[in-house]
Amino acid sequence: MLTIALLALLCASASANAIQARSSSYNGEYGGGGGERFSHSGNQLEGPITALRIRVNRYYIVGLQVRYGKVWSDYVGGTQGDLEEIFLHPGESVIQVSGKYKYYLRKLVFVTDKGRYLPFGKDTGTSFNAVPLYPNTVLRFISGRAGSLINAIGLHWDVYPSDCSSC
């Protein structure tokens, strides 16, 4: 009898662990080889993505910087080209990222849950379209490789932080 009770307890525990909701997912890396690795994984602790700075030239995405909560990440990439800056509205989140690449990143389009399309760069190269794997998740941080241009980008998705009253 004790064996049956123990077996039932183990099955119930295994079922509870299997049901535990997953929320994080990853898309990428999109782009070519080369460049030094970067990751904003620690930046997401500052809060959700609230703004984007993207530097572009005639052909490529040259550099990028992301604001998490009220804190800007380190800038990655080169210095040539025009710097564009877009702020998200309070509570607005990125729910899709598409773009184009060849040897380097050429185009990025951020789509928000408020229906805004935020395009950067030129419309040439191999296309990609990244969305989160799980429902009700948003872009939490980016990673990739960069040198004098953005070589490649990775997109990390998870739930919107619940403890962000000051963002």
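The values are calculated or read from the model by the stated rules, or taken from the named source; none is laboratory data. Source: prediction; values computed, not measured. For neighbour counting, all protein chains shown are included, and Cβ atoms are generated from backbone atoms with ideal geometry for every residue, glycine included. Side chains are part of the model used for accessible areas, which takes the heavy atoms of the whole protein and leaves out ligands, DNA and RNA. Shrake-Rupley method; radii C 1.70, N 1.55, O 1.52, S 1.80 Å.
The table for this structure:
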item: Near-label residues of the range 33-69 by backbone N, under 19 Å of a point 7 Å along Cα→Cβ of ARG116; result: 47-56, 64-69
item: Lys, Arg +1 and Asp, Glu -1 on Cβ, resulting dipole of the range 100-154 about Cα centre, debye, nearest 20; result: 140 debye
item: Once exposed loop chymotrypsin sites (Phe, Trp or Tyr not before Pro) are cut out (DSSP; at most 16 other Cβ, 10 Å), longest piece of the chain; result: 104-167
item: Table column - 3J(HN,Hα) (Hz), the range 85-93, Karplus curve with 6.51, -1.76, 1.60, x for Gly and Pro; result: 9, 10, 9, 7, 6, x, x, 7, 9
item: Heavy-atom accessible area ranking, 1.4 Å probe, most first, across HIS40, HIS89; result: HIS89, HIS40
item: Cα pair distances in the chain, grouped into 5 Å bins until the bin that holds the longest one, percent each; result: 2, 9, 16, 20, 18, 11, 6, 4, 3, 3, 3, 2, 1, 0, 0, 0
item: Accessible-area ranking of THR126, THR79, THR50, largest first, probe 1.4 Å; result: THR79, THR126, THR50
item: Heavy-atom SASA rank of ASP123, ASP113 (probe 1.4 Å, accessible area, largest first); result: ASP123, ASP113
item: Inter-centroid distance (Cα atoms) of the range 98-167 relative to the range 57-86, Å; result: 13 Å
item: Over the chain: helical MRE at 222 nm, DSSP H runs n ≥ 4 each giving -39500 (n - 2.57), nearest 500; result: -3500 deg cm²/dmol
item: Net length gained if the chain between ASP123 and ALA51 were fully extended (0.36 nm per residue, minus Cα distance); result: 23.7 nm
item: On Cα atoms only, tilt of 2-19 relative to the major axis of the chain in degrees; result: 20 degrees
